[in-house]
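The block underneath contains the structure these notes are about, expressed in C-alpha cells.
The values are calculated or read from the model by the stated rules, or taken from the named source; none is laboratory data. Computed from a prediction, not measured in an experiment: that's the story for all the values here. Every residue, glycine among them, receives a Cβ derived from its backbone with ideal geometry; neighbour counts consider all protein chains shown.
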Amino acid sequence: MPGKLKVKIVAGRHLPVMDRASDLTDAFVEVKFGNTTFKTDVYLKSLNPQWNSEWFKFEVDDEDLQDEPLQITVLDHDTYSANDAIGKVYIDIDPLLYSEAATVISGWFPIYDTIHGIRGEINVVVKVDLFNDLNRFRQSSCGVKFFCTTSIPKCYRAVIIHGFVEELVVNEDPEYQWIDRIRTPRASNEARQRLISLMSGELQRKIGLKVLEMRGNAVVGYLQCFDLEGESGLVVRAIGTACTLDKLSSPAAFLPACNSPSKDMKEIPFNEDPNPNTHSSGPSTPLKNQTYSFSPSKSYSRQSSSSDTDLSLTPKTGMGSGSAGKEGGPFKALLRQQTQSALEQRGGSPHRFCRRREFPFFTLTAFPPGFLVHVGGVVSARSVKLLDRIHNPAFVGIMGNTRSYKLLDWNSFNSDEPETRDAWWAEIRQEIKSHAKALGCHAVVGYSESTSICEEVCILSASGTAAVLNPRFLQDGTVEGCLEQRWLEENLPIGCGFCHIPYDELNMPFPAHLTYCYNCRKQKVPDVLFTTIDLPTDAAVIGKGCLIQARLCRLKKKAQAEANATAISNLLPFMEYEVHTQLMNKLKLKGMNALFGLRIQITVGENMLMGLASATGVYLAALPTPGGIQIAGKTPNDGSYEQHISHMQKKINDTIAKNKELYEINPPEISEEIIGSPIPEPRQRSRLLRSQSESSDEVTELDLSHGKKDAFVLEIDDTDAMEDVHSLLTDVPPPSGFYSCNTEIMPGINNWTSEIQMFTSVRVIRLSSLNLTNQALNKNFNDLCENLLKSLYFKLRSMIPCCLCHVNFTVSLPEDELIQVTVTAVAITFDKNQALQTTKTHVEKSLQRASTDNEELLQFPLELCSDSLPSHPFPPAKEHLESASANSGIPAAQRATSVDYSSFADRCSSWIELIKLKAQTIRRGSIKTTVTVEKASPMGEGNFRNRSAPPCANSTVGVVKMTPLSFIPGAKITKYLGIINMFFIRETTSLREEGGVSGFLHAFIAEVFAMVRAHVAALGGNAVVSYIMKQCVFMENPNKNQAQCLINVSGDAVVFVRESDLEVVPTQQPTANCQPLCTEGEVTT
Amino acid sequence: MTSELDIFVGNTTLIDEDVYRLWLDGYSVSDAVALRVRSGILEQTGATAAVLQSDTMDHYRTFHMLERLLHAPPKLLHQLIFQIPPSRQALLIERYYAFDEAFVREVLGKKLSKGTKKDLDDISPKTGITLKSCRRQFDNFKRVFKVVEEMRGSLVDNIQQHFLLSDRLARDYAAIVFFANNRFETGKKKLQYLSFGDFAFCAELMIQNWTLGAVGEAPTDPDSQMDDMDMDLDKEFLQDLKELKVLVADKDLLDLHKSLVCTALRGKLGVFSEMEANFKNLSRGLVNVAAKLTHNKDVRDLFVDLVEKFVEPCRSDHWPLNDVRLFLNQYSASVHSLDGFRHQALWDRYMGTLRGCLLRLYHD
C-alpha cells in the first residue's frame, strides 16, 4: 500500500442557485479517486456551505496516484428527483508525489461545469502520505520531476543530460463512441476530460519510468500534446529531455561547472552498461556519405521563383582552405566522435522494455554554457498519413468493424495501437537524425513535434536544430571528459563558437557561402544561420532582434483519402520552399543574418494548406553582414517597367536602411567603440589589435557589400513575384516603443522591469468563398496576422516601452472557409534609458559574461548586464576581404544551414525525389502553432507598480502571474511546485445568449486562466512559467446556437520572490544572489 | 473576409478607463468607436479604425462579464475569473456606482419602483443621459436600497461594507437611500435650484440627528423595533415636535423670542429691519414645519416648506448668507433664554439640524 491520499472538503462559496423556490442550494460533495467514492453531508439551504468534512482517506498504489486525477463533484441534493450536478474539480495530485515540490494542495478551486462554466468555488485540502517502495519492478515513477521549461530550471544544476524520452498512448475518443448518442453532452464532455486526464497521467508515469531507466531524475522540456483523430481515436503523446538534476543548495554547487561533473557523477551510482550499442546509427565518423543526395550540382535552375539565385549556387569546395580548416578539422571530428559515443552509450544502456532506437534529441532550447558547441541548422521532416488507413491495419482485415472492438475498455487493447503511431514518429525521427548527420551533427536540439489533422489526413511534423554538443554533460564524468572539457573551452572562442560550421567544408552537404568568423577569425561560418533554439546567452549580437514571420496559403482541391494525401504531399515541398524564401527575404530586409526560435507550422484544411513560420531575427556579430536585396526585371526593354523596378528597388533599400536604424544594427561603429575600451585579457588583446588596424577596411567593405556583392536577387518575372515583393514591404514595423520576438530573450534588451502581461488572443475570419485565389488567400491571411499584431500593439500601448516575448502563433482551419489564429505571448516592460545605454555595450558584456558565467545565467536576460567589462574585438581581417572577394558574384542565397527532408507518404515516392532536391535549399522546420507572448498588463501600470506597497487589504485572492517564459523579470524563482497540465471542454447550447462566439470563447479562456491560477495558488505558488496553450480547438454551429471548445494548457507552477523584496540585492549582480535564494527554497522542502 | 470571432484575454484583465467611461455612459460600440476616433486616438497611436473597433468590442465584452460581479462588489474581490489589481477593482466599482448629478436630481426622493423606472424613458432625453446609463444608475440606487433597507446599524457603514464604495460615494448613497425611503419631494420647480450636494448635506444631518440611530440607544436592546435605525426618522421625535408649536402659538413667548433675537442682533445685521419685520413670519414658518412633521405627507414636503417659508422670504429681501447665519444662530440660541419653554433638548435636536440645512439651502 504505497500511498494514502487524504482529502478534506472545507467549504464552498458563490454557489449557483439550484432551487428556484428558495433561491438557495442544498449542496453536498462527492470525492472520488479511482473506484472509491466518499460523500459529505448535505449542507442545507446555503450558497456558501461550510462542510468542514472529516479527512477522506484513499489507500492506493502509487501507480494510481500518478495516473488518476482526484475528482470532486459538487451536487445539489434533491429529495424527489435525481441530484443535480453543479460542477466538478479535477485535481492532479502529481505535484505531491515528489518531495521537493508541494507538500499540500489547499485552496479555493473554481467549480467547473462543461456546460455552464465556472459555478462558484470550493475549498479543498489534499495531502499524500507516500511510503517508500523499494520494489524494483514497480510500474510507477513517483519522484521523477517534470518541467515544461525548455532549459535547465533555475535553482537546479544539470549533472547529466541523458537525452530524449517519448511515449504515446492511444484510446477511443468518447465523443465518437456509440454511447455518445444517448448520453448528454455534459456526460460526454466529462468522459473526455476524465479520459484525457487519465491518459496524461499514464503517459507521464511511463515517461517517468523511462527516465528512471536512464538513471535520470527529471524531465525537462516536457511537451505533451493530444491529437483528436476523430473516429480513429485520441492520441496523447509526449516528448521531453531526461536529465539528472541537482538542486543548488550549497555554494559548492556553484563551482565552475567544468570541475564538478566528475564529482557529482560519483555521488550518483551510475552504472552505465558498457554494452555495445544496439543503435542503428552509423559509424561515428563524420558522415559525408549520407543517403541523401545533396549534390548541389543537380540542376536547380528550373525553379523560376524569386529564389533563383540561391539555386544557382555552386559548391565552393575549394574555398577557404586556410588555417581554420586545419585547425578546426581534427578538433571537430574529435568532438563529434566524443559526442556521438556519449549519445550512443546512452542509447545502449540496458532497457527492460525494448526500445528500438535511441534518438540524440533534446527538447531544450537553452543550454548550460559550453553545452552547445556548434549549430548546423534547422532540420525538419514531415509526413502525411491517412488516419483511416493506418488505423490499426491489423484489425481491419480481421475484425471488419474495428470500432465495435474498440468499445472495450481501452486499457485492454491499447497495446496495439500505439505501435502504429510509434512507428510513424520513429520514421520521422529517424529522418531528422539522418538530416542532422548530413550536417555533420550528432544531436538535434530545440526539438519539437506536432501534427495537423483534417478529416482523415494527418501531417506529422518534427523539427529541431542540428548541433554538436559538448560530451561533458552526456557522459558519466571521467577524468578525460573533464580534461577534454577544459581543452574545449580554451579553444572555443567565446560568443561565436556555436556559429562555426560543424560540417566539413570540403564536403558540404549543400551549397553554402562560408566566410571566416567575423568574431574570432579562425573558423568558418555560414552567411546565414537558422535555428529552432533560443539565442545562446553568450552569443555576440549587434542591435536588437525582431519577430519575423512568413505566411503562406495554398489552395488545394477537395479530395478523399489517398488522393487527398497525395495532393497534400505534392504541395508540401512548394510550401516549405516558399516559406523559406519569404523568411530569407524578410530577414535580409531587416538587415539581419540569423533566425532563432524558428517554428514552421503547416496546417491542413479541407481545401487549403496554410504555412506560418515565426522566428526571431538577429544580427550575429560572428556572421557576415547580409547583402541587400536586388530586384531584376524580366523585360529590361520596357522603360516604364524599368522605372517601376528601380522605384521598388529604392523602396527596398530604404526599408533596409530604416530597419537597420530601427534595430540599431550598426556593426562597424560598435567595433570602433570597442577598440577604445580596456582590454581584459592578453588573448583578446591580440585580436583587438588586429581589428584596430583594419577597421577602416572593414567599413568600406561593408558599404560595398550592401549594394552589390552579396545582394540577394529577386527576379520579377510575373505577377506572383510582384506580389511577393509587395508583401515584403507591407509588413509594418511595430509602433515605436514596441519590440517583439518569439524567443525567451529579446536580443538587445536586458533591463526588464517587473510588469508583465500574458495574454491569449484568438481571431477567426470567414473567407468569402467567391474567387478564392492563392493571392487573395495570401492577402487575407497576411492581413489577419498583421491586424492581429496591430491590435496587440494598440491594446498594450500603455506598457510602452515594452517587448512582446515568446510570441506564439497557431493557425488552424476549423472549417472550409474559416481561418483561426491563436496568439499567446507576454508583454514585458523595460527601462528605455537603460536599454539604450546597454545595447551599445551589449556585445561586449555578453562576451564577458560568457567567460565568467555559471549555469544559472542561462535564461535570465535580466542578468545579462551583470558586469560591464568591455571589449570585444570585431576583427575585420584580411581573410574577410579575401573570402569576400572569393565569393563575389555569388549571390548569397539561402544558406542552407539545414537540410532536411520530409518523408511524405511512402506511396508517393516519386515526390521524394523532388522534395529532396528542394531540401537542399530549404530549411524546413515545423513549428508548433502556439504563440506565446508575454506582456505586461497595459492596464493599470500604476497599479502594478504600486502593488507591492499597498495591496488591497480586502482581497483574498492572491495574484498569480502567468508567462510563457521560463523566468519572471525582476524576480527569482525559488521553488518548482510541479507541472500544470490541464484539459478543459466547454460547450454551449445557448451561444447567442452567451454573447455569440466571441463572448463564449472569451469567457472560456478567462475561466481556463482562472483555473490554472487557482491550482497554482493551491499548490502554494504565485506564478506559472513556461505556460503554453497547446491546443485551442473551437467548433461552432450558429444555426443550432451551439459551440464547443477544447483547450489544453500546461506550465510549471513556481514560487518566486521579487528581487526588490530580498535584502539589498544590487540588480546588476543578480547572479551572485541566486545561491542564497535557492537555498532559501531548499529550506522549505 | 469577415471577422467571425475576435477576442483578447489577458492574465491580468485589461481595463481601459476611457472605454469604461463610454460603456458606463451607455454608448453603443459603434458610438463609442466614433467618440474614440474623435478623441484623436488614431493619430496618437497610428491605429486603424478596425483596430479600434476590435479593441472596443473586447472591452465591452469584458465589462459585460464584469457587470454581474459589480452588482455585488464583494464578489468581484473574491472571484477568481478576472485577475484585477485591487486598485483597479476599486476603480471599477467606484465608477460603476458613480451617478450623474442631472440624473440623481430627477429621481431623488422618488420611490425606487417599477413605476419610476418607466419614467426613465422621459428622464433620458431630458437629461441627455442615455437610457442605458439611466437604467444602470437607477438599478444601482435600487440595489443598494434593497440591500441596506433591512439592515441595522449605520447606513453609511452598511453601504460601504456591502458595496465597497469610497466614503464619499457611500455617503451620497446613504442620502439617496434616505431620500427614497422618506420620499422627500425634490422635484418641484422651486427646488430646482438645489443641487444633489445640498440635499445630500441635509440628509446626512438628518440621519445623524433625526433618526432612531441618532439616539444611540438602540444596540442595548436588540429586541426593540429599532430596525432601520438610520433609514427612518425617529417617529417619537417627530411626534414631540408638536410641542414646539408653543413658540409661535403663545404670543408672549413669540414676542419675547423676537425681542431677544433683535436685541442681540441689532447693529450686527445688514438686513436688520427686514428681519425685524419678518421675524414672526419666519419663526412661524420654521415652527410650523416642525409641527407638521407628524404627517408623512408633510415630511415629504419638508424641503418645499423650508424653501417656501424661509429661503424665499429671506432671498426676496436679499439677506446675505452671513446674516442668515447670524440670525439662525441667534434664533436657535435665544430659545434657551425663554423661561417658559420646556423643550430645550427637543428644540436643539430640531433646530441644530434645521439650521445646518437652511444655511446650505440658502443660495441662488
Pairs returned, first residue in the stretch A:445-463 that is at positive phi and aromatic (Phe, Trp, Tyr), second residue that is part of a strand (DSSP E or B) and buried (at least 24 other Cβ atoms within 10 Å of the Cβ), beta-carbon separation under 9 angstrom, 6 or more apart or interchain, are none
Just one of the numbered conditions (1) touching a helix residue (DSSP H, G or I) at 6+ places or on another chain (Cβ under 7 Å); (2) more than 7 Å from chain A (Cβ to nearest Cβ) is not true of B:Leu14; which one?
(2)
Looking at the stretch A:734-765, which of the residues that are under 14 Å from A:Ile800 (Cβ atoms) and within 14 Å of chain B (Cβ to nearest Cβ) is surrounded by the fewest Cβ atoms within 10 Å (Cβ to Cβ)?
A:Ser736
Mind counting the residues in the stretch A:798-812 that are touching a Ser or Thr at 6+ places or on another chain (Cβ under 6 Å) and assigned to a helix (DSSP H, G or I)?
1
Going through (1) part of a helix (DSSP H, G or I); (2) under 17 Å from the mean Cα position of the chain (by Cα); (3) within 14 Å of chain A (Cβ to nearest Cβ) one by one, B:Asp157 fails only at (3)
Quick one: which residue in A:Arg215, A:Arg194, A:Arg237 is on the phi > 0 side of the Ramachandran plot and not polar (S, T, N, Q)?
A:Arg215
How many residues does the stretch B:23-51 contain that are facing another protein chain (nearest Cβ under 8 Å) and within 26 Å of B:Thr127 (Cα to Cα)?
0
As an exercise: evaluate B:Ala47 against (1) assigned to a helix (DSSP H, G or I); (2) more than 35 Å from the chain's Cα centre (by Cα); (3) buried (at least 21 other Cβ atoms within 10 Å of the Cβ) and give the number of the one condition it does not meet.
(1)
Would the stretch A:588-601 turn up any residue that is in a strand (DSSP E or B) and farther than 30 Å from A:Ala540 by Cα?
no
How many of the residues making up the stretch A:632-658 are at pLDDT below 75 and either surrounded by 24 or more Cβ atoms within 10 Å (Cβ to Cβ) or of a type in the set (A, V, I, L, M) (or both)?
1
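Here's the yes/no breakdown for (1) touching a helix residue (DSSP H, G or I) at 6+ places or on another chain (Cβ under 7 Å); (2) modelled with pLDDT of 90 or more; (3) assigned to a helix (DSSP H, G or I):
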position: A:Glu100; (1), (2), (3): no, no, no
position: A:Trp108; (1), (2), (3): yes, yes, no
position: A:Val124; (1), (2), (3): no, yes, no
position: A:Ser141; (1), (2), (3): yes, no, no
position: A:Leu168; (1), (2), (3): yes, no, no
position: A:Ile179; (1), (2), (3): no, no, yes
position: A:Ala191; (1), (2), (3): yes, no, yes
Regarding A:Glu993, is this residue surrounded by fewer than 24 Cβ atoms within 10 Å (Cβ to Cβ) and outside any strand (DSSP E or B)?
yes
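Residues are listed down the side, and each one gets a yes or a no for (1) hydrophobic (A, V, I, L, M, F, W, C); (2) at negative phi; (3) in contact with a His (Cβ under 8 Å, 6 or more places away or on another chain); (4) free of Cβ contacts under 8 Å to residues at least 12 places away in the same chain:
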{"residue": "A:Gly970", "(1), (2), (3), (4)": "no, no, no, no"}
{"residue": "A:Tyr976", "(1), (2), (3), (4)": "no, yes, no, no"}
{"residue": "A:Gly995", "(1), (2), (3), (4)": "no, no, yes, yes"}
{"residue": "A:Gly999", "(1), (2), (3), (4)": "no, yes, yes, yes"}
{"residue": "A:Gly1020", "(1), (2), (3), (4)": "no, no, no, no"}
Number of positions in the stretch A:1018-1038 that are over 25 Å from the mean Cα position of the chain (by Cα), farther than 21 Å from A:Arg194 by Cα and within 14 Å of chain B (Cβ to nearest Cβ)
3
Can you find a residue that is surrounded by fewer than 21 Cβ atoms within 10 Å (Cβ to Cβ), more than 21 Å from the chain's Cα centre (by Cα) and away from chain B (no Cβ under 13 Å) anywhere in the stretch A:776-799?
no
B:Gly270 versus (1) part of a helix (DSSP H, G or I); (2) out of contact with any Leu (no Cβ under 8 Å at 6 or more places or on another chain): which is the lone unmet condition?
(1)
Do we have A:Ala613 as over 19 Å from A:Asn774 (Cβ atoms) and in contact with a Leu (Cβ under 8 Å, 6 or more places away or on another chain) here?
no
Leading residue by the ranking (farthest from A:Gly996 (Cα to Cα)) among those in the stretch B:65-88 that are assigned to a helix (DSSP H, G or I) and more than 7 Å from chain A (Cβ to nearest Cβ):
B:Pro74
When the stretch A:212-227 is examined, which residues are found to be of a type outside the set (Asp, Glu) and within 21 Å of the chain's Cα centre (by Cα)?
A:Ala218, A:Val219, A:Val220, A:Gly221, A:Tyr222, A:Leu223, A:Gln224, A:Cys225, A:Phe226
Could you please find all residues in the stretch A:747-780 being in a loop (DSSP other than H, G, I, E, B) and touching a helix residue (DSSP H, G or I) at 6+ places or on another chain (Cβ under 7 Å)?
A:Gly748, A:Ile749, A:Asn750, A:Asn751, A:Leu767
Would you confirm whether or not the stretch B:160-167 contains a residue that is away from chain A (no Cβ under 14 Å), hydrophobic (A, V, I, L, M, F, W, C) and either closer than 23 Å to B:Gly213 by Cα or touching a helix residue (DSSP H, G or I) at 6+ places or on another chain (Cβ under 9 Å) (or both)?
no
Filter the stretch B:89-105 down to residues that are in contact with a Ser or Thr (Cβ under 8 Å, 6 or more places away or on another chain) and crowded, with 22+ Cβ neighbours inside 10 Å and give me whichever is farthest from the other protein chains (Cβ to nearest Cβ).
B:Phe103
Single match in B:Ser54, B:Ser3 (criterion: facing chain A (nearest Cβ under 10 Å), in contact with a strand residue (DSSP E or B) (Cβ under 8 Å, 6 or more places away or on another chain) and surrounded by fewer than 21 Cβ atoms within 10 Å (Cβ to Cβ))
B:Ser3
